[in-house]
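Q: Shown below is the structure under consideration.
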Amino acid sequence: MTDFTWLIGGEAGFGIMTTGTVFSKIATRSGYHIFDYVEYPSLIRGGHNAYEVHVSDVDISHLNPTVDVLVCLNKETYDKHKDRLTPKSLVVFDQDEFEIKEDIKKITVPFKKILSDLKGQPVMKNTIALGASIGLLKGNIDELIKMITEQFAKKGENVINFNKQFVQAGFDAINKNYSDSILNYLLKKQGEEKLVLTGNDAFSLGSVIADARVYVAYPMTPSSTVLTDLAAWQEKIGMVVRHAEDEISVINTAIGSSFAGVRSAVGTSGGGFALMVESISFAGITEIPLVVFIASRPGPATGMPTWTEQGDLLFSVFSGHGEFPKIVLAPGDNEEMIELTAKAYNLADIYQMPVIVISDMYLSESHKSVEKSFVDKFIAEYKISRGKLIKDSSNKQKYLRYKVTEDGISERLIPGAPGYFYQANSYEHVEDGHTTEEARSRIDQVDKRARKWTTYLKNDFVTPKIYGDPEKSEIIFVSWGSTKGIVLQAQKLLKAKGTNSAFIHFNHIYPLDREKILSLFKQNKKYVLVENNSWGQFGKLLTMETGIEIKDKILRYDGRPITPEEIIKHL
Amino acid sequence: MSTIQDFSGYNPTWCPGCGDWGIGIAIKQSLVQLGLSPSSVAVVFGIGCSGNMNDFLNAYAIHSLHGRAIPNAIGIKIANHKMPVIAIVGDGDCYGEGGNHLLHACRGNHDITIIVHDNGVYGLTTGQSAPTAQKGFKSKSTPSGILEMPINPLTLTITSGATFVAQSFAGDALHTISMIKAGIEHKGFSVINILQPCVTFNKINTYQYYLQRVYKLDENYQKNDFKTAVQKSLEINEEKFPLGVIYQTEKPSYTDQLPQLSEMTLIEKKRFTEFEKITKLFI
């Protein structure tokens, strides 16, 4: 069975990110699954970048504790990651650049000499390293050459050929000097065609599938690649992407376009979302559908911009002044990101309220391979539901935008329909939209809006997924969102030791259906809460909504993702 | 053909003598004269006495948050660029709370019309000073006189990229109508700053004050010359108030420059379904 980790590190600003993605794609094109993860400081130049790719025969979304192949483009990479080496690990570096004293398996590649001989730029060290890595792992060099050709297609034959030399030099260096060390880790095998997506890519793809037509954002790590993805595709897919002056303008532009009748979304991280919250409340009272994507990073304030944390859960759940309904979804991996993003647009339209899709840096910026057949099947089965959106009203005499109804949902007329008009009013209003301060109408509208939650819980709330058999397990993990793959791996490790466990994975986070959730917590077992924050925020929400209290908690809040191993250690 | 009555909602609750009455009538009259109906125009109201027109004017409308009418209007225009979009805002709303949006909307030359009620005070919160109040203006929030310089909305918008900047006076309904009509007909970002007495909270900038200081631009005024316009706009720093189109130029609007909107509006478009074009990027 193939399961290994390749890690490349070097100075920020020298192409480590692109190199890592190319490696991931070579692995998937060779038939494997991947999950990758980047560590980088909030700098463009001068810091240390590390990109690790976990390659496996099976679907994964966790990292290994050890590194099997460490590619060091500088000494810092070795120093920072040597603790993760095993006696079998291979370390690729250039002995002309620095020395390694420890007794480890050294693979020296003359980066410096090759660059000098072929008159290459420093950034091409990556290309040599890729050639060497493919050589060392018996990967498909033709696939790498093909990717280089695709990457530089626009720059012409000369640039392509120039870059190819560096791939070949790295590849040859291994075959010439280290043919005995070559591992069969990347031998091409049969496998399903796969997409290499980050969580942000998955959100973008889900938005395209759902026919979102307006996306507005202000760049903020780690959400920015949704903006850059969709901006790059906008002309092709017929979307308008606006990079507005600030997050307040971002959300209000989207509220305007959604009011006018097109599916609209915004994306940001915690700080940008903080600027948006007055308008979340605005969308709440005006009942304008809106999809809000939050890719969290550790706060407070500027916090640790390029690291991960699930610290904005309660903030998103309780965002906005006043009392109004909203829905919060938290995908656990790319597949769930595609499904729940597309679902979010339906829910926003059906319930005419803000729907928040919450992610974090770990999910948003890591690539995970997704089988293309999964995406194709999802696209084929996905049905757009725009709820009670109408182009003409059945009641010609008096159209009532905020008509009090049993399910809480009123017909929403697309502005421009001849013969009608109405206002979406941020003040409390009567059924036709005019402002009111009258007590009866206020109560009617508050109750009407609240009933949309009741309808949602009845029709669209989905209970958490359960992995393993709670009845046969000693331990039941409770977690939400991006920790999914990590807890699943912890379950596997436990199973290997003979311990059965179950896992309740929440992705429909808020509101929660008390009765349905209570029924999942009836076992007299050890429940363990796993969260990537310091408060155990989901645990608090669970207590508040259902009365369930989980005392045993595994919490991590140093900006790094939780690992399966630390979960095991805790038990 | 629609009538003033078609556009009339609830009876206004403005103070007797308030400049909003004149502006309210002028807006309705302009819409009628342009052949629009409450179903064919989108209006976004800010928060303030001016924004309270939401209940008095019939249209497809958003009564927005304080300061946020402009981005709402931009969003409506992006979704349906064939519909005329107007934002009815106050000076505190547009030059204070929403100042950043105004600047960037000018830069984008979004094809929307901003009608600003400029009375120098926050009427709805009982008379605190607004960003256009003259330096030294005494109010509840500035009992010793405001320390800041007033905003010059004309210079600010002209130099930020607005392609139509006009000024009018609420006491002159006919002139106000002609400015609003010209602004709505202009393709691109249009701003109409309407000088408006607040009879309840502003005892300085009264009808008399304005009548003594406003004058109409003459026929020879070169409204399409940028430097002339900037020069003219600076006169309000000396409390001289030119009325008319201060600046107008033709430039492609924001939506004009989007190839994806060249054939039809976003709401008219068919769903994109060639998903392979996107999925192949990730293989």
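Here, each number is a calculation from the coordinates, and none is a lab measurement. Just so you know, these numbers come straight off a predicted model, no measurement behind them. Neighbour counts run over all protein chains shown; Cβ positions are idealised from the backbone, glycine included.
Q: Structure shown: which of A:Lys391/A:Lys448; A:Lys154/A:Lys343; A:Lys343/A:Lys484; A:Lys88/A:Lys472; A:Lys189/A:Lys377; A:Lys119/B:Lys280 lie over 27 Å apart, alpha-carbon to alpha-carbon?
A: Violating the 27 Å limit, Cα to Cα: A:Lys154/A:Lys343; A:Lys88/A:Lys472; A:Lys119/B:Lys280.
Q: Picking from B:Ile4, B:Thr255, B:Gly22, whose Cα lies most toward the positive end of the charge dipole for region B:4-282 (charges on Cβ: Lys, Arg +1; Asp, Glu -1)?
A: Farthest towards the positive end: B:Thr255.
Q: Calculated FRET efficiency, B:Lys227 and A:Val404, Cβ-Cβ r, R0 51 Å, to nearest 0.05?
A: 0.30
Q: Short version: what are the Cα gyration tensor semi-axes of region A:495-571, square root of 5 times each eigenvalue, largest first, in whole Å? Intermediate results must be reported in sequence, preceding the final value.
A: On the way: eigenvalues 97, 60, 21 Å².
So the three semi-axes of region A:495-571 are 22, 17, 10 Å.
Q: Using the Cα atoms as the points, what is the convex hull volume per residue of region A:170-255 in Å³?
A: 167 Å³
Q: How well do other chains shield peptide A:230-237, expressed as the mean number of their Cβ atoms within 10 Å of each residue Cβ?
A: 3
Q: Put +1 on the Cβ of each Lys and Arg and -1 on the Cβ of each Asp and Glu in the protein assembly as shown; which of A:Phe538, B:Val44, A:Ser473 then has its Cα farthest toward the positive end of the dipole?
A: After comparing all options, I get A:Ser473.
Q: Taking the Cα atoms of region B:4-282, what is the range of coordinates along each of the three principal axes, in descending order and whole Å?
A: Sorted largest first, the three principal extents are 66, 44, 39 Å.
Q: Would you order B:His101, A:His62 from fewest to most other beta-carbon atoms within 10 Å of each residue's own beta-carbon?
A: Details: B:His101 28, A:His62 24.
Ascending number of Cβ neighbours within 10 Å: A:His62, B:His101.
Q: Using the Karplus curve 6.51 cos²θ - 1.76 cosθ + 1.60 with θ = phi - 60°, work out ³J(HN,Hα) for each residue of region B:197-203 in order, rounded to whole Hz, and write x for Gly and Pro.
A: Coupling constants for region B:197-203: x, 9, 6, 8, 10, 10, 8 Hz.
Q: Enumerate the calculated ³J(HN,Hα) couplings along region B:262-274 in order (Karplus 6.51 cos²θ - 1.76 cosθ + 1.60, θ = phi - 60°), each rounded to whole Hz, writing x wherever the residue is Gly or Pro.
A: 5, 9, 8, 6, 4, 6, 7, 5, 7, 4, 6, 10, 7
Q: Order these by the 10 Å Cβ neighbour count, fewest first: A:Ser519, A:Ser410, A:Ser316.
A: Listed from fewest to most nearby Cβ atoms, that is A:Ser519, A:Ser410, A:Ser316.
Q: To continue, here is another question. For the protein assembly as shown, with only Lys/Arg (+1) and Asp/Glu (-1) charged at the beta-carbon, what is the dipole magnitude about the Cα centre, in debye rounded to 20?
A: So the dipole magnitude of the protein assembly as shown works out to roughly 540 debye.
Q: Note down the relative contact order for region A:465-570 as a percent, whole number, built from C-alpha pairs under 8 angstrom at least six residues apart.
A: Relative CO of region A:465-570 lands at 31 percent.
Q: Moving on to the next point. Over chain A, what is the relative contact order in percent, taking alpha-carbon pairs closer than 8 angstrom and at least six residues apart? Could you put the intermediate results ahead of the total?
A: Values: 1235 pairs, mean separation 67.0, N = 571.
Reported relative contact order: 12 percent.
Q: Determine which lysines satisfy two conditions relative to B:Lys240: a Cα distance under 16 Å, and not lying fewer than 8 residues away in the same chain.
A: List returned: B:Lys135, B:Lys216, B:Lys232.
Q: May I pose another question? Against the longest principal axis of chain A, how steep is helix A:224-237, in degrees 0 to 90 to the nearest 10, with axes from Cα atoms?
A: Between the helix axis and the principal axis of chain A, the angle is about 80 degrees.
Q: Output the 0 to 90 degree angle, nearest 10, between the alpha-carbon long axis of helix A:141-151 and the longest principal axis computed from the alpha carbons of chain A.
A: 50 degrees
Q: Report, in degrees rounded to the nearest 10, the 0 to 90 angle that the Cα long axis of helix A:270-286 makes with the longest principal axis of chain A.
A: With rounding to tens, the tilt is 30 degrees.
Q: Follow-up question, since we're still on this one. Quick query: amide H of B:Ser8 versus all other amide H atoms, modeled in the peptide plane; which residues come in under 5 Å with a sequence gap of 5 or more or a different chain?
A: It is B:Asn58, by chain and number.
Q: To continue, here is another question. Averaged over B:103-113, how many beta carbons belonging to a partner chain fall within 10 Å of each residue's beta carbon? Intermediate values should be presented prior to the final figure.
A: On the way: counts 1, 4, 3, 0, 1, 3, 0, 2, 0, 1, 0.
For peptide B:103-113, the averaged partner shielding equals 1.
Q: Label point 7 Å out from A:Ser394 along Cα-to-Cβ: which residues of region A:445-484 have amide N under 14 Å?
A: Those under the cut-off are none; the list is empty.
Q: For chain B, what does the relative contact order come out to in percent, with C-alpha contacts under 8 Å and a separation of six or more?
A: Answer for chain B is 18 percent.
Q: Take the alpha carbon atoms of region A:447-480, find their center, do the same for region A:517-552, and report the distance between the two centers in whole angstrom.
A: 12 Å
Q: With +1 on the Cβ of every Lys and Arg and -1 on the Cβ of every Asp and Glu, and nothing else charged, how large is the dipole of region A:53-199 about its Cα centre, in debye rounded to the nearest 20? Intermediate values should be presented prior to the final figure.
A: Details: 21 positive and 21 negative charges, 51 e Å.
Around 240 debye, computed over region A:53-199.
Q: Go through region A:124-133 residue by residue and turn each phi into a ³J(HN,Hα) via Karplus (6.51, -1.76, 1.60, θ = phi - 60°); whole Hz please, and just put x for glycine and proline.
A: 6, 4, 4, 5, 4, 4, 5, x, 5, 5
Q: Hey, any idea what Rg/Rh is for region A:196-381, computing Rh the Kirkwood way over Cα pairs?
A: Taking Rg over the Kirkwood Rh, I get 0.93.
Q: Here is a further query. How do the peptides A:101-109, B:58-66 rank, highest first, by the average count of neighbouring beta carbon atoms within 10 Å per residue?
A: With the highest mean Cβ count within 10 Å placed first, the list reads B:58-66, A:101-109.
Q: What percentages make up the Cα-Cα pair-distance distribution of chain A when the bins are 20 Å wide from 0?
A: Reading upward from the zero bin: 20, 49, 25, 5, 0.
Q: So how strong a dipole does region A:350-443 carry about its Cα centre when Lys and Arg Cβ are +1 and Asp and Glu Cβ are -1, to the nearest 20 debye?
A: My answer is approximately 360 debye.
Q: Quick check: residue separation of A:Asp172 and A:Asp79 times 0.36 nm, minus the Cα distance between them. What number comes out in nm?
A: Stretched out fully, the A:Asp172 to A:Asp79 stretch lengthens by 30.8 nm.
Q: Could you work out the mean count of beta carbons from other protein chains within 10 Å of each residue's beta carbon in A:255-268?
A: 6
Q: Okay, next question. Nearest 5 is fine: what % of DSSP beta bridges in the protein assembly as shown come out antiparallel, could you say?
A: 30 percent
Q: 5 Å is the cut-off here: which amide hydrogens, built 1.01 Å from N in the peptide plane, fall below it relative to A:Ala295, excluding neighbours closer than 5 in sequence?
A: Hits under the 5 Å cutoff: A:Thr268, A:Ser269, A:Ser359.
Q: Can you divide the C-alpha Rg of region B:187-255 by 2.2 N^0.38 Å and report the result to two decimal places?
A: Relative to the 2.2 N^0.38 Å estimate, region B:187-255 comes out at 1.32.
Q: Then there is this: Given a Förster distance of 56 angstrom, what is the FRET efficiency for A:Asp552 paired with B:Ser262, based on the Cβ-Cβ distance and rounded to 0.05? All intermediate terms of the calculation are to be shown ahead of the outcome.
A: On the way: r = 60 Å, r/R0 = 1.07.
The value I calculate is 0.40.
Q: Alpha carbon centre of region A:331-378 versus region A:158-233: separation in Å?
A: Value for the Cα centre distance between the two parts: 20 Å.
Q: Please go through region B:162-246 and write out the GluC sites (Glu not before Pro) that DSSP classes as loop and that have at most 13 other C-beta atoms within 10 Å.
A: B:Glu219, B:Glu239
Q: Turning to a different aspect of this structure: So for region A:145-258, taking the charge dipole from beta-carbon charges (+1 Lys/Arg, -1 Asp/Glu), which of A:Asn163, A:Ala212, A:Leu195 sits furthest toward the positive end?
A: Checking the options against the dipole of region A:145-258, the answer is A:Asn163.
Q: Something else now. If you average 1/r over all unlike Cα pairs in region A:389-459 and invert the result, what Kirkwood radius do you get in angstrom?
A: 12.9 Å
Q: Can you list the residues, at least 5 places off or on another chain, whose amide H is less than 5 Å from the amide H of A:Lys553, using H built in the peptide plane?
A: The list, which skips near neighbours in sequence, is A:Leu529.
Q: Could you run the Debye sum over the Cα atoms of region B:1-40, one equal point scatterer each and no solvent, and tell me log10 of I(q)/I(0) at q = 0.21, 0.22, 0.27 Å⁻¹, two decimals?
A: For region B:1-40, the Cα-only Debye profile gives -0.65, -0.69, -0.91.
Q: Right, next: What are the aspartates and glutamates whose alpha-carbon lies under 19 Å from the alpha-carbon of B:Lys140, with same-chain residues fewer than 8 places away excluded?
A: Answer for B:Lys140, where 19 Å is the Cα cut-off: B:Asp91, B:Asp93, B:Glu97, B:Asp118, B:Glu148, listed by chain and number.
Q: Here is a further query. What is the packing order of peptides A:31-43, A:79-91, taking the mean over residues of other C-beta atoms within 10 Å and listing the highest first?
A: Packing order, densest peptide first, comes out as A:31-43, A:79-91.
Q: Compute the projected area of the convex hull of the Cα atoms of region A:3-177, averaged over all viewing directions, and report it in nm² to one decimal place. Don't skip to the answer; put the middle values down first.
A: Working: hull surface 39.9 nm².
Averaged projected hull area, Cα only: 10.0 nm².
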